[in-house]
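Peer 1: First the structure, then my questions, so here it is.
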Amino acid sequence: ARIISATMLAEYAYALRVGGIVYMITDVKDLYDWSVKHLDAFPLFERIPEEELENDPAIPCVVNSTEEGKKVARNKGSKYLACYRRIEDPVEQQ
């Protein structure tokens, strides 16, 4: 079961307050592309530009603190990160 799907994105949007962030990282490029495609299409999330993430204190933790992240780093593998902000429901704004 993937952690990014239409059903799970709806759950994340329900649980997160407006402004909350979904941090998504993987070492699998195809999974990254698939996840970004679904996150981009979901109306309650917007991608956070990379320059905004430069000062985010959570990024080093997301990238380096898990055992899987450490293993990928030891093996000099690639990590693919995308972060999305929960936004207001466009329908509710009208």
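Peer 1: Please work out the average accessible area per residue across the chain, using the 1.4 Å probe convention, and give it in Å². Please list the in-between numbers first.
Peer 2: Details: 6450 Å² over 94 residues.
Counting only protein heavy atoms, the per-residue value for the chain is 69 Å².
Peer 1: Can you tell which of K76, K29, K37 shows the greatest fluctuation in a Gaussian network model of the chain with Cα springs below 10 Å?
Peer 2: Largest GNM mean-square fluctuation: K76.
Peer 1: Still on this structure, please answer the following. Roughly to the nearest percent, how much of the accessible area of the chain is carbon and sulfur, given a 1.4 Å probe?
Peer 2: 53 percent
Peer 1: With axes computed from alpha carbons, what is the tilt in degrees of helix 6-15 against the longest principal axis of the chain, rounded to the nearest 10 within 0 to 90?
Peer 2: On a 0 to 90 degree scale, this one is about 80.
Peer 1: Are there GluC sites (Glu not before Pro) in the chain that DSSP puts in a loop and that have at most 13 other Cβ atoms within 10 Å, and which ones?
Peer 2: Passing sites in the chain are E54, E88.
Peer 1: A further question on this structure: Going by alpha carbons, how many degrees (0 to 90, nearest 10) lie between the helix axis of 29-41 and the longest principal axis of the chain?
Peer 2: 10 degrees
Peer 1: Per the helix-only calculation at 222 nm, which mean residue ellipticity applies to the chain, given -39500 (n - 2.57) for every DSSP H run of n ≥ 4 and division by its residues, nearest 500 deg cm²/dmol?
Peer 2: One gets -12500 deg cm²/dmol as the mean residue ellipticity at 222 nm.
The values are calculated or read from the model by the stated rules, or taken from the named source; none is laboratory data. This one's a predicted model, so the numbers in the text were calculated from it and none came from an experiment. Virtual Cβ from ideal backbone geometry, glycine too; neighbours counted across all protein chains shown. Ligands, DNA and RNA are stripped out before the accessible areas are found, and what is left, the full protein with its side chains, is counted by its heavy atoms. Shrake-Rupley method; radii C 1.70, N 1.55, O 1.52, S 1.80 Å.
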